[in-house]
Amino acid sequence: MDDQIAAASTAVRDIALGQQRRHIFECIDGHTAGNPVRLVVEGRPALRDGSMSERRQEFLATCDWIRTGLMFEPRGHDMMSGGFFYPPQSPEADVGILFIETSGCLPMCGHGTIGLLTFGLEYGHIVPKTPGQLVVEVPAGTLRIDYAMDAGRVHSVKIRNVPSYLAIRDLAIEVPGFGPLTLDVAYGGNYYAIVEPQGAYTGLDALGAARLIELSRTIRSLVRDMVEPVHPIDPTIRGVSHVLWADAPSAPDADGRNAVFYGERAIDRSPCGTGTSARMAQLAARGRLSVGDSYVHESYIRSRFIGRVETATTLGEFPAIVPSIEGSAYATGFNRLWIDDDEPFPAGFVV
Ligand code: PYC
(Lines give C-alpha, C1' and ligand atoms only; values in the text may rest on other atoms or scores of the structure.)
Protein backbone atom coordinates (compact mmCIF):
# COMPACT_ATOMS: atom_id res chain seq x y z
CA MET A 1 0.00 0.00 0.00
CA ASP A 2 2.72 2.47 0.97
CA ASP A 3 4.47 1.57 -2.27
CA GLN A 4 1.31 2.30 -4.23
CA ILE A 5 0.97 5.73 -2.67
CA ALA A 6 4.68 6.37 -3.13
CA ALA A 7 4.46 5.36 -6.78
CA ALA A 8 1.33 7.39 -7.38
CA SER A 9 2.69 10.51 -5.68
CA THR A 10 6.31 10.78 -6.66
CA ALA A 11 8.75 13.33 -5.39
CA VAL A 12 9.19 16.78 -6.98
CA ARG A 13 9.83 16.19 -10.68
CA ASP A 14 12.43 18.65 -11.87
CA ILE A 15 13.89 19.13 -15.31
CA ALA A 16 16.77 21.38 -16.26
CA LEU A 17 16.10 24.36 -18.57
CA GLY A 18 19.59 25.68 -19.18
CA GLN A 19 20.76 27.11 -15.83
CA GLN A 20 17.15 27.08 -14.50
CA ARG A 21 14.92 24.31 -13.23
CA ARG A 22 11.31 23.48 -14.07
CA HIS A 23 9.29 21.83 -11.24
CA ILE A 24 6.36 19.80 -12.60
CA PHE A 25 3.16 18.92 -10.71
CA GLU A 26 0.50 16.54 -12.06
CA CYS A 27 -2.87 17.43 -10.55
CA ILE A 28 -6.49 16.34 -10.57
CA ASP A 29 -8.67 19.43 -10.17
CA GLY A 30 -12.29 19.48 -9.08
CA HIS A 31 -14.59 20.72 -6.34
CA THR A 32 -16.47 19.67 -3.22
CA ALA A 33 -19.88 21.33 -2.96
CA GLY A 34 -18.51 24.13 -5.15
CA ASN A 35 -15.21 24.79 -3.34
CA PRO A 36 -12.03 23.97 -5.32
CA VAL A 37 -9.82 20.96 -4.59
CA ARG A 38 -6.48 20.27 -6.31
CA LEU A 39 -5.01 16.80 -5.67
CA VAL A 40 -1.30 16.80 -6.54
CA VAL A 41 -0.60 13.21 -7.59
CA GLU A 42 2.98 13.77 -8.79
CA GLY A 43 5.47 16.28 -7.51
CA ARG A 44 5.05 16.01 -3.77
CA PRO A 45 8.15 16.95 -1.79
CA ALA A 46 10.02 14.25 0.14
CA LEU A 47 9.38 14.69 3.87
CA ARG A 48 10.79 12.68 6.77
CA ASP A 49 8.74 9.78 8.13
CA GLY A 50 6.59 10.86 11.03
CA SER A 51 3.09 11.96 11.93
CA MET A 52 1.24 14.24 9.51
CA SER A 53 1.51 16.96 12.18
CA GLU A 54 5.34 16.65 12.09
CA ARG A 55 5.36 16.57 8.29
CA ARG A 56 3.16 19.70 8.24
CA GLN A 57 5.78 21.54 10.33
CA GLU A 58 8.60 20.31 8.08
CA PHE A 59 6.74 21.28 4.90
CA LEU A 60 6.02 24.80 6.23
CA ALA A 61 9.67 25.25 7.23
CA THR A 62 11.29 23.88 4.06
CA CYS A 63 9.02 23.96 1.01
CA ASP A 64 6.14 26.37 1.52
CA TRP A 65 6.91 27.82 -1.95
CA ILE A 66 5.16 24.75 -3.41
CA ARG A 67 1.97 25.63 -1.53
CA THR A 68 2.04 29.31 -2.45
CA GLY A 69 3.07 28.55 -6.05
CA LEU A 70 0.19 26.11 -6.55
CA MET A 71 -2.48 27.96 -4.53
CA PHE A 72 -1.97 31.69 -5.17
CA GLU A 73 -2.33 33.55 -8.45
CA PRO A 74 -1.36 33.03 -11.25
CA ARG A 75 -1.88 29.22 -10.87
CA GLY A 76 -4.54 29.47 -8.18
CA HIS A 77 -6.89 32.04 -6.69
CA ASP A 78 -8.31 33.25 -3.36
CA MET A 79 -10.32 30.09 -2.67
CA MET A 80 -7.80 27.52 -3.98
CA SER A 81 -7.23 24.49 -1.80
CA GLY A 82 -5.62 21.08 -2.25
CA GLY A 83 -3.27 18.46 -0.91
CA PHE A 84 -0.80 15.60 -1.27
CA PHE A 85 -1.03 11.96 -0.22
CA TYR A 86 1.75 10.51 1.95
CA PRO A 87 2.29 7.01 3.30
CA PRO A 88 0.61 6.83 6.72
CA GLN A 89 2.48 6.23 9.98
CA SER A 90 0.12 3.60 11.42
CA PRO A 91 -0.12 0.21 9.69
CA GLU A 92 -3.88 0.42 10.27
CA ALA A 93 -4.24 3.57 8.14
CA ASP A 94 -4.75 3.73 4.37
CA VAL A 95 -3.26 7.13 3.59
CA GLY A 96 -1.94 10.39 5.07
CA ILE A 97 -2.99 13.82 3.79
CA LEU A 98 -1.05 17.08 3.82
CA PHE A 99 -3.39 20.00 3.08
CA ILE A 100 -2.24 23.05 1.14
CA GLU A 101 -4.45 26.14 1.08
CA THR A 102 -4.22 29.87 0.51
CA SER A 103 -4.43 30.13 4.32
CA GLY A 104 -1.47 27.81 4.98
CA CYS A 105 -1.27 24.09 5.67
CA LEU A 106 -4.44 23.55 7.66
CA PRO A 107 -4.45 20.89 10.41
CA MET A 108 -7.68 19.60 8.85
CA CYS A 109 -9.89 20.49 5.90
CA GLY A 110 -13.28 18.82 5.48
CA HIS A 111 -14.17 19.82 1.94
CA GLY A 112 -10.55 19.08 1.00
CA THR A 113 -10.69 15.58 2.50
CA ILE A 114 -13.93 14.77 0.66
CA GLY A 115 -12.48 15.93 -2.66
CA LEU A 116 -8.97 14.46 -2.27
CA LEU A 117 -10.33 11.04 -1.27
CA THR A 118 -12.94 11.07 -4.06
CA PHE A 119 -10.34 11.82 -6.74
CA GLY A 120 -7.79 9.45 -5.17
CA LEU A 121 -10.27 6.57 -5.20
CA GLU A 122 -11.72 7.30 -8.64
CA TYR A 123 -8.31 7.53 -10.31
CA GLY A 124 -6.58 4.68 -8.47
CA HIS A 125 -4.23 6.67 -6.24
CA ILE A 126 -5.74 5.07 -3.12
CA VAL A 127 -6.39 1.33 -2.84
CA PRO A 128 -8.43 0.79 0.33
CA LYS A 129 -7.70 -2.08 2.70
CA THR A 130 -11.47 -2.46 3.20
CA PRO A 131 -13.66 -1.33 0.28
CA GLY A 132 -16.10 1.34 1.41
CA GLN A 133 -13.94 2.41 4.35
CA LEU A 134 -10.70 4.28 4.91
CA VAL A 135 -8.55 5.28 7.86
CA VAL A 136 -6.87 8.59 7.07
CA GLU A 137 -4.12 10.42 8.97
CA VAL A 138 -4.23 14.23 8.84
CA PRO A 139 -2.22 16.71 10.92
CA ALA A 140 -5.14 17.14 13.36
CA GLY A 141 -5.52 13.39 14.03
CA THR A 142 -7.06 10.26 12.52
CA LEU A 143 -10.26 10.22 10.47
CA ARG A 144 -12.57 7.24 9.93
CA ILE A 145 -14.20 7.37 6.50
CA ASP A 146 -17.17 5.62 4.90
CA TYR A 147 -17.72 6.16 1.21
CA ALA A 148 -20.18 4.99 -1.43
CA MET A 149 -18.70 4.08 -4.81
CA ASP A 150 -20.02 2.30 -7.87
CA ALA A 151 -19.14 2.21 -11.56
CA GLY A 152 -15.95 4.11 -10.81
CA ARG A 153 -17.75 7.08 -9.22
CA VAL A 154 -17.59 8.03 -5.55
CA HIS A 155 -21.06 9.36 -4.70
CA SER A 156 -20.47 10.46 -1.13
CA VAL A 157 -17.78 10.57 1.53
CA LYS A 158 -18.64 10.60 5.23
CA ILE A 159 -15.87 11.72 7.59
CA ARG A 160 -15.85 10.92 11.29
CA ASN A 161 -13.87 13.99 12.22
CA VAL A 162 -11.42 14.71 15.03
CA PRO A 163 -12.86 15.55 18.50
CA SER A 164 -14.38 19.03 18.33
CA TYR A 165 -15.18 21.39 21.20
CA LEU A 166 -16.36 24.81 22.30
CA ALA A 167 -13.15 26.55 23.43
CA ILE A 168 -14.30 30.07 24.43
CA ARG A 169 -17.79 31.39 25.19
CA ASP A 170 -19.23 34.90 24.91
CA LEU A 171 -16.25 36.92 23.72
CA ALA A 172 -17.37 40.56 23.41
CA ILE A 173 -15.80 42.73 20.70
CA GLU A 174 -16.51 46.16 19.22
CA VAL A 175 -16.20 46.17 15.42
CA PRO A 176 -15.42 49.69 14.11
CA GLY A 177 -18.16 50.91 11.76
CA PHE A 178 -20.40 47.92 12.60
CA GLY A 179 -20.95 47.76 16.36
CA PRO A 180 -20.73 45.29 19.23
CA LEU A 181 -20.74 41.51 18.69
CA THR A 182 -20.57 38.57 21.10
CA LEU A 183 -18.85 35.47 19.69
CA ASP A 184 -17.95 31.92 20.59
CA VAL A 185 -14.70 30.24 19.52
CA ALA A 186 -15.02 26.54 18.66
CA TYR A 187 -12.69 23.89 17.24
CA GLY A 188 -13.57 21.39 14.51
CA GLY A 189 -10.06 20.76 13.10
CA ASN A 190 -9.36 24.54 12.94
CA TYR A 191 -10.44 27.29 15.36
CA TYR A 192 -13.49 29.33 14.32
CA ALA A 193 -14.88 32.60 15.62
CA ILE A 194 -18.62 31.98 15.28
CA VAL A 195 -20.96 34.95 14.79
CA GLU A 196 -24.70 34.37 15.19
CA PRO A 197 -27.30 36.93 14.05
CA GLN A 198 -27.36 39.84 16.53
CA GLY A 199 -27.26 43.65 16.47
CA ALA A 200 -26.14 44.91 13.04
CA TYR A 201 -25.75 41.32 11.73
CA THR A 202 -29.22 40.37 10.52
CA GLY A 203 -28.24 37.64 8.03
CA LEU A 204 -25.85 36.67 5.24
CA ASP A 205 -27.80 38.10 2.31
CA ALA A 206 -28.26 41.48 3.97
CA LEU A 207 -24.45 41.85 4.22
CA GLY A 208 -23.28 40.27 0.95
CA ALA A 209 -19.93 38.63 0.19
CA ALA A 210 -17.72 41.74 -0.12
CA ARG A 211 -18.83 43.17 3.24
CA LEU A 212 -18.59 39.73 4.92
CA ILE A 213 -14.96 39.47 3.80
CA GLU A 214 -14.09 42.99 4.96
CA LEU A 215 -15.75 42.51 8.37
CA SER A 216 -14.30 39.02 8.82
CA ARG A 217 -10.73 40.31 8.46
CA THR A 218 -11.37 42.91 11.16
CA ILE A 219 -13.16 40.43 13.45
CA ARG A 220 -10.39 37.83 13.11
CA SER A 221 -7.72 40.33 14.00
CA LEU A 222 -9.73 41.69 16.98
CA VAL A 223 -10.25 38.14 18.25
CA ARG A 224 -6.57 37.26 17.72
CA ASP A 225 -5.57 40.30 19.80
CA MET A 226 -7.71 38.97 22.69
CA VAL A 227 -7.34 35.17 22.68
CA GLU A 228 -5.15 32.39 21.33
CA PRO A 229 -6.84 29.01 21.79
CA VAL A 230 -4.37 26.11 21.87
CA HIS A 231 -5.27 22.52 21.05
CA PRO A 232 -5.27 20.51 24.31
CA ILE A 233 -3.16 17.68 22.82
CA ASP A 234 -1.22 19.17 19.85
CA PRO A 235 0.07 22.68 20.73
CA THR A 236 1.16 23.25 17.10
CA ILE A 237 -2.57 23.79 16.41
CA ARG A 238 -3.39 27.23 17.79
CA GLY A 239 -5.12 30.49 17.04
CA VAL A 240 -8.31 31.53 15.28
CA SER A 241 -7.91 31.09 11.52
CA HIS A 242 -11.51 31.27 10.28
CA VAL A 243 -14.71 33.25 10.89
CA LEU A 244 -18.06 31.45 10.56
CA TRP A 245 -21.14 33.59 10.07
CA ALA A 246 -24.11 31.47 11.13
CA ASP A 247 -27.57 32.08 9.72
CA ALA A 248 -31.01 30.48 9.53
CA PRO A 249 -31.41 27.89 6.74
CA SER A 250 -32.81 29.02 3.40
CA ALA A 251 -34.81 25.78 2.96
CA PRO A 252 -37.16 23.96 5.35
CA ASP A 253 -35.18 20.68 5.18
CA ALA A 254 -31.89 22.30 6.30
CA ASP A 255 -30.84 23.29 9.82
CA GLY A 256 -28.54 26.23 9.19
CA ARG A 257 -26.60 28.19 6.61
CA ASN A 258 -23.18 29.78 6.89
CA ALA A 259 -20.48 31.83 5.26
CA VAL A 260 -16.96 30.77 6.28
CA PHE A 261 -14.13 33.25 5.78
CA TYR A 262 -10.56 31.93 5.35
CA GLY A 263 -7.23 33.12 3.99
CA GLU A 264 -7.32 36.84 3.21
CA ARG A 265 -10.42 37.12 0.98
CA ALA A 266 -12.09 33.73 0.62
CA ILE A 267 -15.66 32.74 1.39
CA ASP A 268 -15.95 28.95 1.32
CA ARG A 269 -18.29 27.82 -1.45
CA SER A 270 -18.90 24.57 0.47
CA PRO A 271 -20.52 24.46 3.91
CA CYS A 272 -16.98 23.90 5.30
CA GLY A 273 -16.34 20.56 6.99
CA THR A 274 -14.29 21.82 9.91
CA GLY A 275 -16.61 24.83 10.25
CA THR A 276 -19.66 22.55 10.35
CA SER A 277 -17.88 20.42 12.99
CA ALA A 278 -17.06 23.50 15.08
CA ARG A 279 -20.64 24.75 14.76
CA MET A 280 -22.03 21.39 15.90
CA ALA A 281 -19.58 21.34 18.84
CA GLN A 282 -20.73 24.84 19.84
CA LEU A 283 -24.43 23.90 19.56
CA ALA A 284 -23.88 20.65 21.50
CA ALA A 285 -21.99 22.46 24.29
CA ARG A 286 -24.83 24.97 24.52
CA GLY A 287 -27.47 22.21 24.72
CA ARG A 288 -28.90 22.94 21.27
CA LEU A 289 -27.80 19.60 19.70
CA SER A 290 -27.57 16.12 21.23
CA VAL A 291 -25.73 12.90 20.40
CA GLY A 292 -27.47 11.32 17.39
CA ASP A 293 -28.83 14.62 16.03
CA SER A 294 -28.14 15.48 12.41
CA TYR A 295 -27.37 18.99 11.18
CA VAL A 296 -27.92 19.78 7.51
CA HIS A 297 -25.67 22.75 6.78
CA GLU A 298 -26.00 25.01 3.72
CA SER A 299 -23.11 27.05 2.35
CA TYR A 300 -23.17 30.64 1.15
CA ILE A 301 -24.08 29.29 -2.34
CA ARG A 302 -26.58 26.83 -0.74
CA SER A 303 -24.65 23.62 -1.42
CA ARG A 304 -24.91 21.13 1.47
CA PHE A 305 -23.12 18.85 3.93
CA ILE A 306 -24.96 16.51 6.27
CA GLY A 307 -23.50 16.78 9.76
CA ARG A 308 -24.20 14.50 12.71
CA VAL A 309 -23.19 14.45 16.37
CA GLU A 310 -21.79 10.91 16.51
CA THR A 311 -20.62 10.58 20.14
CA ALA A 312 -19.71 12.60 23.18
CA THR A 313 -16.07 12.58 24.28
CA THR A 314 -13.51 14.80 26.01
CA LEU A 315 -10.50 16.69 24.70
CA GLY A 316 -8.11 17.48 27.54
CA GLU A 317 -10.29 19.15 30.16
CA PHE A 318 -13.03 20.09 27.66
CA PRO A 319 -16.27 18.22 26.95
CA ALA A 320 -16.22 17.48 23.22
CA ILE A 321 -18.06 15.65 20.46
CA VAL A 322 -17.03 13.46 17.56
CA PRO A 323 -18.90 14.99 14.61
CA SER A 324 -19.34 13.51 11.16
CA ILE A 325 -19.74 15.39 7.90
CA GLU A 326 -20.89 13.93 4.62
CA GLY A 327 -20.73 15.40 1.13
CA SER A 328 -19.83 14.82 -2.51
CA ALA A 329 -17.04 15.96 -4.81
CA TYR A 330 -16.55 16.09 -8.57
CA ALA A 331 -13.32 15.91 -10.57
CA THR A 332 -13.31 18.44 -13.40
CA GLY A 333 -10.02 17.75 -15.17
CA PHE A 334 -6.34 16.91 -15.17
CA ASN A 335 -3.93 19.76 -14.79
CA ARG A 336 -0.17 19.66 -15.47
CA LEU A 337 1.30 22.71 -13.77
CA TRP A 338 4.90 23.79 -13.66
CA ILE A 339 6.92 26.37 -11.83
CA ASP A 340 10.07 27.68 -13.53
CA ASP A 341 12.71 29.19 -11.27
CA ASP A 342 13.15 32.15 -13.58
CA GLU A 343 9.54 33.20 -14.06
CA PRO A 344 8.48 36.42 -12.29
CA PHE A 345 6.16 34.77 -9.72
CA PRO A 346 7.40 31.24 -8.91
CA ALA A 347 5.86 31.39 -5.40
CA GLY A 348 2.67 33.13 -6.57
CA PHE A 349 1.41 36.50 -5.38
CA VAL A 350 -1.38 38.08 -3.36
CA VAL A 351 -2.83 41.44 -4.42
O1 PYC B 1 -14.03 22.31 4.62
O2 PYC B 1 -12.88 22.32 6.48
C3 PYC B 1 -13.17 22.80 5.40
C4 PYC B 1 -12.51 24.05 4.95
C5 PYC B 1 -11.54 24.75 5.60
C6 PYC B 1 -11.23 25.84 4.80
C7 PYC B 1 -12.00 25.78 3.68
N8 PYC B 1 -12.78 24.67 3.78
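Of everything listed in (1) touching a strand residue (DSSP E or B) at 6+ places or on another chain (Cβ under 9 Å); (2) outside any helix (DSSP H, G or I), the single unmet condition for Gly287 is (1).
Do you know which of the residues in the range 133-166 that are in contact with a His (Cβ under 9 Å, 6 or more places away or on another chain) and either surrounded by fewer than 23 Cβ atoms within 10 Å (Cβ to Cβ) or of a type in the set (Ser, Thr, Tyr) (or both) is farthest from Val240 (Cα to Cα)?
So, considering only residues that are in contact with a His (Cβ under 9 Å, 6 or more places away or on another chain) and either surrounded by fewer than 23 Cβ atoms within 10 Å (Cβ to Cβ) or of a type in the set (Ser, Thr, Tyr) (or both), the one farthest from Val240 (Cα to Cα) is Met149.
For Ser221, state whether it is in a helix (DSSP H, G or I) and touching a His at 6+ places or on another chain (Cβ under 9 Å). Here the answer is no, as Ser221 does not meet what is asked. If the condition is being closer than 24 Å to Ala167 by Cβ and either part of a loop (DSSP other than H, G, I, E, B) or in contact with a Lys or Arg (Cβ under 8 Å, 6 or more places away or on another chain) (or both), then the range 186-203 contributes Ala186, Gly188, Gly189, Asn190, Tyr191, Tyr192, Ala193, Ile194, Glu196, Pro197, Gly199. None of Pro139, Pro88 is in contact with a helix residue (DSSP H, G or I) (Cβ under 6 Å, 6 or more places away or on another chain) and more than 12 Å from the ligand (Cβ to nearest atom) except Pro139. Of the residues that make up the range 119-133, is at least one away from the ligand (no atom under 16 Å from the Cβ), within 21 Å of Pro323 (Cβ to Cβ) and without any contact (Cβ under 8 Å) to a residue 24 or more places away in the chain? Yes, there is a match, as at least one residue in the range 119-133 is away from the ligand (no atom under 16 Å from the Cβ), within 21 Å of Pro323 (Cβ to Cβ) and without any contact (Cβ under 8 Å) to a residue 24 or more places away in the chain.
Residues of the range 36-56 that are assigned to a strand (DSSP E or B) and touching a residue at least 40 places away in the same chain (Cβ under 8 Å): Pro36, Val37, Arg38, Leu39, Val40, Val41, Arg44. If I filter the range 258-290 down to residues being basic (Lys, Arg) and within 15 Å of the ligand (Cβ to nearest atom), which single residue comes out as modelled with the lowest pLDDT? By that ranking, first place goes to Arg265.
Per-residue answers, yes or no, for (1) of a type in the set (Lys, Arg); (2) within 24 Å of Glu54 (Cα to Cα); (3) touching a helix residue (DSSP H, G or I) at 6+ places or on another chain (Cβ under 6 Å):
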{"residue": "Thr130", "(1), (2), (3)": "no, no, no"}
{"residue": "Val135", "(1), (2), (3)": "no, yes, no"}
{"residue": "Ala148", "(1), (2), (3)": "no, no, no"}
{"residue": "Ser156", "(1), (2), (3)": "no, no, no"}
{"residue": "Pro163", "(1), (2), (3)": "no, yes, no"}
{"residue": "Leu181", "(1), (2), (3)": "no, no, no"}
{"residue": "Asp184", "(1), (2), (3)": "no, no, yes"}
{"residue": "Glu196", "(1), (2), (3)": "no, no, no"}
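The values are calculated or read from the model by the stated rules, or taken from the named source; none is laboratory data. Everything quoted here is computed from the prediction, not taken from an experiment. So basically every Cβ, Gly included, is an ideal-geometry build from the backbone, and we count neighbours across all protein chains shown.
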